[in-house]
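Student: Below you will find the structure I want to go over with you.
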Amino acid sequence: MLTKRQNLLETIKGGEPDRFVNQYEFLELIREAPKEPFMTQKGSEIKNGWGITIRWPEGQIGSFPVHDDNHKVLKDITEWRKYVRAPAVNYPAERWTEAIAHANAVDRDEKYVTAFVTPGIFELTHYLMGMEDALMSYYEEPEAMHELIDYLTEYELQYAKQIIENLHPDALFHHDDWGSQISSFMSPETFEEFILPAYKKIYGFYKENGVEIIVHHSDSYGANLVPYMIDMGIDIWQGVMNTNNIPELIKEYGGKISFMGGIHSGEVDFPEWTPEIVMEHVEKACNECGKSYFIPNLSQGGPISSFPGVYEAASEAIDMMSKKLFK
Amino acid sequence: MSKIEEVKVLVETGKSKKVAAAVQEALDAGDKAQDILDAMIASMGVVGDKFSSGEIFVPEMLIAAKAMSKGVEVLKPVMAGDGSSSLGTCIMGTIAGDLHDIGKNLVVMMLESAGFDMVDLGVDVPAERFVEAAKENNNVVLVACSGLLTTTMPALKEAVQTVKAALPDMKVIVGGAPVTQEYADEIGADGYAPDAGSSASKAKVIIGA
Ligand code: B12
């Protein structure tokens, strides 16, 4: 039997995997690494190093950035220098201790020691100024937006240096949601102009420094962005929803990039879920997408589900499909 | 190009800084306020269709809506008191337990540009609040509920059923990523649209306009 790591490589290189890669099994996420918080505890509110207020009101399932006039960090994109100040990235050594211990304990022949970075550059722009201001600024104030993105990219590169020095990761799991369920947020042209150059620098830097696999999370439609994903160095697009035609994407781009997802949270991860419903969707995804360049997975951006048990049920269903489809 | 044509192009291409002046010029040239408004509504219809078909994206839609609102500001004083173009009032909000609002805001813009008077209740709106708002406001013809989370699908159902129980004749439209036509039927909503572009035409059908 191949190790998880070998099996992953066979899958994404079009070789001979001996089973499906089962969701996030090949990634050991080092979540203890110090970082700016973008989430908070239920019922609480925090302000992070960027000045972004994050609130988790009672009765809600998660935290949310606060963007009323009093809380929005970036009030005028043309004056971004006045409002945006990146937090320091040189965390004291003791903040790294736990993360380093975790990384050291991983059997790297079996799994990838994985740095986990979120939010991404696009997300950071809308955390700072709200989604609508952010999206309109790409069109209305492109120069200022370019400057801001360069500044945020520089911050990410500084943080990346810290991660590499402390953890020597061999994979990166990086979030940046680029779309809704049925469309990308930006046109491909806008994406190419603003987002692609930033990620060429960021992912290029990780790859120059020992990171072998880049897994990018965007649980959305994004078929129109795949050529740029390849160009920026993404090996696996995690979160690919079945609103994309995944079998066609595999046919067109397999070998250059792999697709992880295909099991839509909306269809399996809801209050009345059952293991049978999960099985049905896993089976469909595995049958349609096949054994190469595809990793069956819920579209959620981590090894979790909104309703307890759904993630595990999907893992079991995937094992069953491996038994069925691999000899 | 006539002045009205110019306004149309400026709205469609989202030139919010130039629309107000162009609307004023159209008025000065003798165009009727109602005709200018209708032209802008038609432009937003085009924008909505292009969004539905994937030809344009959220930012283009936002800047077009912003441009239209700049134009409407110029028309408002001229048209004050003249409610002839309104399709009626629509109450809209994101349902309880959910804070996502981008999709809801786009739908508000599209319905507004189609001629509805919009009352936006914001996010995390309890079921009863929709009913209260429908009673408090004049000429309410439609309640629109948005929900983006599978965890709050029951809240969507509750919102629809609470409105229907209190106001049996009220029309309700629902939408949001996890919502489907089947689900909308199941919970007793009058309609569903998959995106903001098609929400306006669907809303008009539902209220029989
Ligand atoms: C952007 C985003 C955010 C932003 C929201 C910013 C904002 N101001 O809204 C941020 C980062 C803040 C955020 C936070 C969270 N999010 Co979120 N988010 C998304 C994302 C990526 C896109 C949603 C979006 O804005 N789409 C763009 C708009 C234009 O599309 P839309 O909303 O679908 O609306 C269109 C149609 O649906 C329709 N429509 C919408 N409403 C209506 C209503 C009517 C009447 C009609 C006719 C039509 C209609 O028209 C719209 C325009 O075309 C989705 C993933 C996805 N692919 O959808 C996750 C997603 C919805 N989020 C998710 C989660 C879990 C969260 C958090 C809990 C995360 C956390 N752990 O803190 C919090 C939520 C807190 C809360 N209580 O609500 C999950 C939900 C999972 C589930 N179980 O359903 C998703 C699916 C991602 C995932 N798979 O993990 N999120």
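The values are calculated or read from the model by the stated rules, or taken from the named source; none is laboratory data. What you see is a predicted model; the values in this text were computed from it and never measured. Ideal geometry is used to build each Cβ from the backbone, glycine not excepted, and the neighbour counts take in all protein chains shown. For the accessible areas, the whole protein counts, side chains as well, though only heavy atoms, and no ligand, DNA or RNA atoms are used. Shrake-Rupley method; radii C 1.70, N 1.55, O 1.52, S 1.80 Å.
Student: Rounded to the nearest 500 deg cm²/dmol, what is the calculated helix-only ellipticity per residue at 222 nm for chain B, with -39500 (n - 2.57) per DSSP H run of length n ≥ 4?
Tutor: Mean residue ellipticity, 222 nm, calculated: -18500 deg cm²/dmol.
Student: For the protein assembly as shown, with all protein chains present and a 1.4 Å probe, just round the carbon and sulfur fraction of the accessible area to a whole percent.
Tutor: 51
Student: With the Cα gyration tensor of region B:86-207 giving a ≥ b ≥ c as the square roots of its eigenvalues, does the rule (a/c under 1.5 for rounded; else a/b larger than b/c for prolate; else oblate) give rounded, prolate or oblate?
Tutor: Because its axes are fairly even, with a/c under 1.5, region B:86-207 counts as rounded.
Student: Put a dot 7 Å past each Cα toward the Cβ at A:I304 and B:M1; how far apart are the dots in nm?
Tutor: 5.0
Student: Something else about it: Would you calculate the convex hull of the Cα atoms in chain A and tell me its volume per residue in Å³?
Tutor: 132
Student: Using θ = phi - 60° and the Karplus relation 6.51 cos²θ - 1.76 cosθ + 1.60, list the HN-Hα couplings for region A:73-89 in order, rounded to whole Hz, with x at every Gly or Pro.
Tutor: 6, 9, 8, 8, 4, 5, 10, 4, 4, 5, 9, 9, 10, 5, x, 6, 10
Student: Please name the residues of region A:36-81 whose accessible area, counted over protein heavy atoms with a 1.4 angstrom probe, falls by no less than 50 Å² between the chain alone and the full protein assembly.
Tutor: Correct list: A:Q60, A:I61, A:F64.
Student: Before rounding to the nearest 500, sum -39500 (n - 2.57) across all DSSP H runs of length at least 4 in chain A and divide by the residue total; then give [θ] at 222 nm in deg cm²/dmol.
Tutor: After summing the helix terms and dividing by residue count, I get -12500 deg cm²/dmol.
Student: Can I ask one more? Considering only protein heavy atoms, what per residue accessible area in square angstrom results for region B:86-207 with a 1.4 angstrom probe?
Tutor: With all protein chains present, region B:86-207 gives 37 Å² per residue.
Student: Can you give the net charge of the other residues whose Cβ lies under 15 Å from the Cβ of A:T40, counting K and R as +1 and D and E as -1?
Tutor: Within the 15 Å Cβ shell, the charges total +1.
Student: Could I ask something else about it? Out of all Cα-Cα pairs in region B:3-82, roughly what percent, to the nearest whole number, are more than 19 Å apart?
Tutor: So the portion of pairs separated by more than 19 Å is 30 percent.
Student: With a ≥ b ≥ c the root eigenvalues of the C-alpha gyration tensor of region B:103-162, is it rounded (a/c under 1.5), prolate (a/b larger than b/c) or oblate?
Tutor: oblate
Student: Using the heavy atoms of the protein chains and a 1.4 angstrom probe, tell me the accessible area per residue for region B:3-82 in square angstrom.
Tutor: 46
Student: Something else: How large is ³J(HN,Hα) for each residue in region A:220-234, as worked out from phi by the Karplus curve 6.51 cos²θ - 1.76 cosθ + 1.60 (θ = phi - 60°), to whole Hz, x for Gly and Pro?
Tutor: 3J(HN,Hα) across region A:220-234, in whole Hz: 6, 6, x, 4, 6, 9, 4, x, 6, 4, 5, 4, 7, x, 6.
Student: Taking Rh as the Kirkwood radius, which is the inverse of the mean 1/r over Cα pairs, what is the Rg/Rh value for region A:91-175?
Tutor: My calculation puts Rg/Rh at 1.11.
Student: Along region A:170-175, what does the Karplus equation 6.51 cos²θ - 1.76 cosθ + 1.60 (θ = phi - 60°) give for ³J(HN,Hα), rounded to whole Hz, x for Gly and Pro?
Tutor: Karplus values, whole Hz, x for Gly and Pro: 9, 9, 10, 10, 10, 8.
Student: Shifting gears a bit: Tell me whether region A:53-104 comes out rounded, prolate or oblate; compute the Cα gyration tensor, take square roots of the eigenvalues as a ≥ b ≥ c, and use a/c under 1.5 as the rounded threshold.
Tutor: Because a/c hits 1.5 or more and a/b fails to exceed b/c, region A:53-104 counts as oblate.
Student: On a 0 to 90 degree scale, rounded to 10, what angle separates helix B:3-12 from the longest Cα axis of chain B?
Tutor: 40
Student: Skipping prolines and chain starts, which residues have an amide H placed within reach, meaning under 5 Å, of the one on A:S305, given they are 5 or more residues away or on another chain?
Tutor: Those lying under 5 Å, H to H, from A:S305 are A:Y311.
Student: Taking amide hydrogens as modeled 1.01 Å from N in the peptide plane, which residues meet the under 5 Å criterion relative to A:I263, leaving out close sequence neighbours?
Tutor: Close amide H contacts, sequence-distant or interchain: A:N297, A:S299.
Student: Let me ask another. What is the sum of charges, Lys and Arg at +1 and Asp and Glu at -1, for the other residues whose Cβ falls under 11 Å from the Cβ of B:A127?
Tutor: 0
Student: Something else: Only loop residues by DSSP count here, and only those with at most 15 other Cβ atoms within 10 Å; note down the trypsin sites (Lys or Arg not before Pro) in region A:14-45 that meet that.
Tutor: Sites meeting the loop and neighbour criteria: A:R31, A:K42.
Student: With a 1.4 Å probe, how much accessible area is buried between chains A and B, both sides summed, in Å² to the nearest hundred?
Tutor: That pair hides around 2200 Å² of surface in total.
Student: Then there is this: Given H placed 1.01 Å from N in the peptide plane, which residues other than close sequence neighbours of A:Q238 have an amide H under 5 Å from its amide H?
Tutor: Those lying under 5 Å, H to H, from A:Q238 are A:H216, A:H217, A:S218, A:M260.
Student: Per residue in region A:266-283, which ones lose no less than 20 Å² of accessible surface when going from chain alone to all protein chains (1.4 Å probe)?
Tutor: Residues of region A:266-283 that lose at least 20 Å² of accessible area once the other chains are added: A:G266, A:P271.
Student: To continue, here is another question. In nm, what is the difference between 0.36 nm times the number of residues separating A:L2 and A:D150 and their Cα-Cα distance?
Tutor: Contour length minus Cα-Cα distance gives 49.1 nm.
Student: Could you sort the residues of region B:107-150 by number and keep only those whose accessible area is reduced by 30 Å² or more in the all-protein-chain setting relative to the chain alone, 1.4 Å probe?
Tutor: Buried by the other chains: B:T150.
Student: Summing +1 for each Lys or Arg and -1 for each Asp or Glu, what net charge is found among the other residues whose Cβ lies under 15 Å from the Cβ of A:D69?
Tutor: With Lys, Arg at +1 and Asp, Glu at -1, the net is -2.
Student: Keeping all protein chains in place, calculate the accessible area per residue for region A:79-186 (probe 1.4 angstrom), answer in Å².
Tutor: With all protein chains present, region A:79-186 gives 40 Å² per residue.
Student: D for chain B, whole µm²/s, Stokes-Einstein with Kirkwood Rh over alpha-carbon pairs at 37 °C and 0.692 mPa s: what number?
Tutor: Diffusion coefficient, whole number: 189 µm²/s.
Student: Calculate the FRET efficiency for B:E73 and A:D231 from the Cβ-Cβ distance with a Förster distance of 45 Å, rounded to the nearest 0.05.
Tutor: E(calc), rounded to 0.05, equals 0.55.
Student: Below 8 Å, C-alpha to C-alpha, sequence gap of six or more: please give me the relative contact order for region B:72-209 in percent.
Tutor: 25
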